[in-house]
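Since the structure comes first, as C-alpha cells, the remarks are kept for the end.
No value in this document is a laboratory result; all are computed from the given coordinates. Since the structure is predicted, the reported quantities are computational estimates derived from the model, not experimental observations.
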Amino acid sequence: MRTFGIVLICIILFGSFSLALAAGDASKGKILFNDTKIGGANAGSSCNSCHPGGKGLEKAGARKDLPEVINACIETALKGKPLSPKSPEMADLVAYVKSLGRK
C-alpha cells in the first residue's frame, strides 16, 4: 500500500511538471517575439515589427491553431524557418501571445 502511495505521488508530481513545461514561459516568449533572428531572409525583422507591443494580437490567444498561425507569420512575413510546433520556443511564443489577451 505504501509503494502505491509513493508511485501515485510521483505520477502527480511528474504530471504537474510536464504540464508546466508544455505551458511555456511568456517572458521567454516575449524575448523571442522581439528577436530579429526569427526573421530569416527578412533580417532585422521580428514579430514585434508588425505587431508592436503585441498590438492586434489581443484575441489571438484564443485560437486553437495558434502554433500554425505563428509559423505562417514566421514563414511568410518574416521569411524565416518555421518552429517545431512541439518545441519549447513555440510553447514560449504561444504563452506570450496568450498573455496579451490578459492585459
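Run the numbers for Thr36 and Lys86: contour at 0.36 nm per residue of separation, minus the present Cα-Cα distance, in nm.
Numbers: separation 50, 0.36 × 50 = 18.00 nm, distance 2.14 nm.
Gain on extension, Thr36 to Lys86, equals 15.9 nm.
Subtracting the Cα-Cα distance of Thr76 and Asp25 from 0.36 nm times their residue separation leaves 15.9 nm of extension gain.
Amide H contacts under 5 Å for Asp35: Cys47, restricted to partners 5 or more places along the chain or on a different chain, H placed in the peptide plane at 1.01 Å from N.
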